[in-house]
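Read the structure below first, then the notes.
The values are calculated or read from the model by the stated rules, or taken from the named source; none is laboratory data. Computed from a predicted model, the values in this text were never measured in an experiment. Positions of Cβ are backbone-derived with ideal geometry, glycine not excepted, and every protein chain shown enters the neighbour counts. Just the protein is used for accessible areas: all its heavy atoms, side chains included, with ligands, DNA and RNA removed. Shrake-Rupley method; radii C 1.70, N 1.55, O 1.52, S 1.80 Å.
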Amino acid sequence: MNKLKIGWIGLGNMGTPMVKNLVKAGFEVMVYNRNQEKTKALQETIAIRVAGSPADLVTETDVIVTMLSDDTAVKEVFLGENGILSIKPVKDITAVDMSTVSPETTLQLAATCKEHGFSYLDAPVSGSVKPAEEAQLIIMVGGEEEVYQKVKPVFDALGKSSVYLGENGKANVAKLAINLFLGITVQGLAEAVVFAEKNGLAATTLLPLINAGAVGSGMTKMKTENIINNDFKAAFALKLLAKDIRLAGANGLNTPIGLSLSNTLDAAVQKGLGEDDMIAVLKYISEN
Ligand code: NAP
């Protein structure tokens, strides 16, 4: 049994397989999720303990990980009623936020955590549901290096690598930059498919050509089946990518493709595509 006891908050598309990997690696894990049905369902399949609130994790665990939708959700579980910071820790506890949030939220929470006696790492991940299931995520880490070293065994159970990037907020910047590139790739792929189809060339012909050449990538290959099968079930919800590009905008993104991407994703969310996978941007582009 590994020594660190883990508190986990957030059983979404990413959080659920990540908890499974921690249990598989021998960690003792106690879980809180806002929708308690998900916690009950998971408890029927793996050995976890269930917490009634984020605060309940403070007395029971050494490291509390959050994997939540956005800045608002993360602030709520730290600062809200029965939140993590409503309890004063009696020992050294590290909070690790693995969600994609803004560097500002990280700096605010890291400072508030310090006042309350918690250490804090920002540790967003690169990789979607499949890498999460296969413990192949790339984990970027900001905060104190000594704290990173303490938590590293947890990262080792979740990803193929973890990279220490410096002070709090740096990992968030890296994550937003990666997702900017991700968004540009996904919108670019969608535009190429729409262009080809409008000119009488099927996606089934175009996509293998893209994937066979230097312009193909892990992402174009990953989304090929979805495009061909019109399968837009969310691995990474379009609304979450739109959120990330908005966060980049709040941090000074005003480049030509970045602004276009931001407008396209926001418009696609307005059209009701937010819960679909990010590649549903193709539906928006082909219909507008
Ligand atoms: P998701 O499936 O939408 O799950 C979101 C989680 O946040 C759920 O557990 C939800 O609880 C919880 N939540 C939302 N608002 C809350 C609130 N106000 N208070 C408490 N809990 C709240 O999201 P995901 O795909 O797992 O993504 C999680 C994070 O990782 C996001 O920041 C995302 O940008 C990032 N990320 C995602 C991917 C991906 O491919 N999916 C890849 C890399 C990074 P309920 O169950 O109660 O709704």
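Tabulated results
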quantity	calculated
Any hit, the range 106-119, residues being open to solvent by 50 Å² or more (accessible area, probe 1.4 Å), assigned by TED's automatic domain parsing to the domain that holds Arg34 and within 11 Å of the ligand (Cβ to nearest atom)	no
Strands (runs of 3 or more DSSP E) fully within the range 82-188 counting 1 or more residues that are touching a Lys or Arg at 6+ places or on another chain (Cβ under 6 Å), modelled with pLDDT of 95 or more and over 20 Å from Ala51 (Cβ atoms)	137-142
Candidates Val163, Val154, Val125, filtered to the one that is farther than 17 Å from Lys24 by Cα, in contact (Cβ under 8 Å) with a residue 24 or more places away in the chain and crowded, with 17+ Cβ neighbours inside 10 Å	Val125
Condition broken by Val29, with the remaining ones in (1) without any contact (Cβ under 8 Å) to a residue 40 or more places away in the chain; (2) assigned to a helix (DSSP H, G or I); (3) open to solvent by less than 50 Å² (accessible area, probe 1.4 Å) satisfied	(2)
Residue within the range 82-93 that is open to solvent by 10 Å² or more (accessible area, probe 1.4 Å), in contact (Cβ under 8 Å) with a residue 40 or more places away in the chain, touching a Pro at 6+ places or on another chain (Cβ under 9 Å) and within 12 Å of the ligand (Cβ to nearest atom) present	no
Pairs with Cβ under 9 Å, 6+ apart, first in the range 226-245 and assigned by TED's automatic domain parsing to the domain that holds Thr72, second more than 7 Å from the ligand (Cβ to nearest atom) and open to solvent by 20 Å² or more (accessible area, probe 1.4 Å)	none
Count of residues meeting criterion [over 21 Å from Ala237 (Cβ atoms) and within 16 Å of the ligand (Cβ to nearest atom)] in the range 7-29	4
Selection count where residues are within 14 Å of the ligand (Cβ to nearest atom) and of a type in the set (A, V, I, L, M), scope the range 30-47	3
Residue selected from the range 178-225 under the condition small (Gly, Ala, Ser) and in contact (Cβ under 8 Å) with a residue 24 or more places away in the chain, by the criterion nearest to Gly12 (Cα to Cα)	Gly183
